[in-house]
Amino acid sequence: MFGSFTASPLQDAALSRVEAEVRAHFRLPPETSVLVTELACALPGCPPLETVVAWWSGAAEPLRHHCKIFKPVLQVSAADLPPWWMKDALAVPPDWAGGCC
């Protein structure tokens, strides 16, 4: 299901750019852990490449937030992110067993 990728300076730059856009867009503090990754999917109806974004907020019991962007990371822009005011709606319950991240 997952493809293998060869790291390239262009890919690394795109991952860093999207991470910075996520931090700015959702107004995340610098200490927030943010993960941006590109996944390949061979399931029917799945885009060949998608970008998954996750971050953890809160100190005592961190909440995980996530969203998927159905584009390769090189094509993702800040305009593809959900509106900033939806940040709380992107949090998943601690017992959530989704298949993403």
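The residues on offer are Trp55, Trp84, and the sole one that is closer than 26 Å to Ala13 by Cβ, loosely packed, with under 15 Cβ neighbours inside 10 Å and in contact with a His (Cβ under 9 Å, 6 or more places away or on another chain) is Trp84. Report the residue count in region 36-53 for those that are closer than 13 Å to Lys71 by Cα and either of a type outside the set (Ser, Thr, Tyr) or assigned to a loop (DSSP other than H, G, I, E, B) (or both). Adding up the residues that qualify gives 12.
No value in this document is a laboratory result; all are computed from the given coordinates. Computed from a predicted structure; not experimentally measured. Here Cβ is always computed from backbone atoms with ideal geometry, including for glycine, and neighbour counts include all displayed protein chains.
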